[in-house]
Amino acid sequence: MSVDKVVADPADAVADVAPGASLAVGGFGLCGIPGVLIHALLERGPGGLRVVSNNCGVDDWGLGLLLREGLISRMTSSYVGENKEFARQYLHGELEVELVPQGTLAERLRAGGSGIPAFYTPAGAGTWIEGGGLPWRYGADGSVAVASPPKETRVFDGRDHLLEEGITTDFALVRAAVGDRHGNLRFHSSARNFNPLAAMAGRVTIAEVEELVKPGELAPDDIHLPGIFVQRVVPVEPGDPRAEKRVERRTVRVGA
């Protein structure tokens, strides 16, 4: 029996993302971000979103658009990046931020998607991450309103390790280069980044794809993420400005 997961309208694909929902969002900087789905959420405007993503885009693109409109209440990220509004909201107590070592964040998403509740890692041992007290949210007066809790530790081969919990979310938004109607996805080069991990962590995963092909056109060895992890597929229309691939920081060689 054929299972067709294609949803033609991005607005329909995110229609059940409710205020306060948790989202895992693929991308690294502006590379591989699901821009069409982000814009669809922006137009709907559900607030209080709790987002797990490597970073929060930039001030005027990517997740930064949702942040600018006050739709995100909490970010779980590995760094602030190029987003000045992200830093401003965090320092002024408007945004709760859980900063996680990048490799740990990747593994927490993978573990959650694999049904693994927790794992031990040496990353962060002996730091603020282990002992707790890292500011998650500041108060209006600059005090720490919410701080990170201490981590459970265990020694393996004479080295301290921290217990980190897997991450699962209500929804995941990802971007793929090619996908079929069954939800099998292939990513392009570095745009793969956090996308497969985010997709695994979402209970309902929505993938925007640049090229939609028929089932069977993707060779098994070319599939980076099997369709079992994807519930909805949204084709990206050619020339859609919401799908623009911007360069976060353009660096060019100085001429002679």
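Some points to look at:
- A 1.4 Å probe run over segment 151-256, with the rest of the protein chains in place, finds 58 Å² accessible per residue.
- Distance in nm between pseudo-label sites at Glu94 and Thr153 (7 Å out along the Cβ direction from Cα): 3.8
- Contact order normalised by residue count of the chain, Cα under 8 Å, 6+ apart, percent: 23
- When both segment 234-248 and segment 1-35 are represented by their alpha-carbon centers, they are found 14 Å apart.
- Most tightly packed first, judged by the mean number of other beta-carbon atoms within 10 Å of their residues, the peptides 29-35, 228-234 read 29-35, 228-234.
- Exposure check, 1.4 Å probe, all protein chains in place: Val144 carries approximately 70 Å² of accessible surface.
- Cross-link reach list, lysines versus Lys245, counting only Cα pairs under 27 Å and skipping chain neighbours closer than eight places: Lys5, Lys84, Lys214
- Equivalent-ellipsoid semi-axes for segment 1-114 (Cα gyration tensor, √(5λ), whole Å, largest first): 23, 18, 13.
- Net charge contributed by nearby residues that have their C-beta within less than 12 Å of Val14 (K/R +1, D/E -1): -4
- Coarse-grained scattering of segment 73-216 at q = 0.13 Å⁻¹, given as base-10 log I(q)/I(0) from a Debye sum over alpha-carbon atoms: -0.71
- Rounded to the nearest 10 degrees, the inclination of helix 102-113 to the longest alpha-carbon principal axis of the chain is 60 degrees.
- Separation between Cα centres of segment 102-116 and segment 49-99, rounded to whole Å: 21
- What segment 1-115 shows is 36 Å² of accessible area per residue, with the surface traced by a 1.4 Å probe over protein heavy atoms.
- Label-point gap, in nm, between Ala11 and Val144 - each point 7 angstrom along Cα→Cβ: 4.5
- Relative contact order, whole percent, for segment 89-222 stands at 25, derived from Cα pairs under 8 Å and 6 or more residues apart.
- Calculated [222 nm] ellipticity per residue, helices only, for the chain: -5000 deg cm²/dmol; basis is -39500 (n - 2.57) per DSSP H run with n ≥ 4, divided by all residues, nearest 500.
The values are calculated or read from the model by the stated rules, or taken from the named source; none is laboratory data. Only a predicted model underlies this, so the values are computations on that prediction, with no experimental measurement involved. Reconstructed Cβ throughout: ideal geometry from the backbone, glycine too, with neighbour counts over all protein chains shown. In case anyone asks, the SASA skips ligands and DNA or RNA and just uses the protein heavy atoms, side chains included. Shrake-Rupley method; radii C 1.70, N 1.55, O 1.52, S 1.80 Å.
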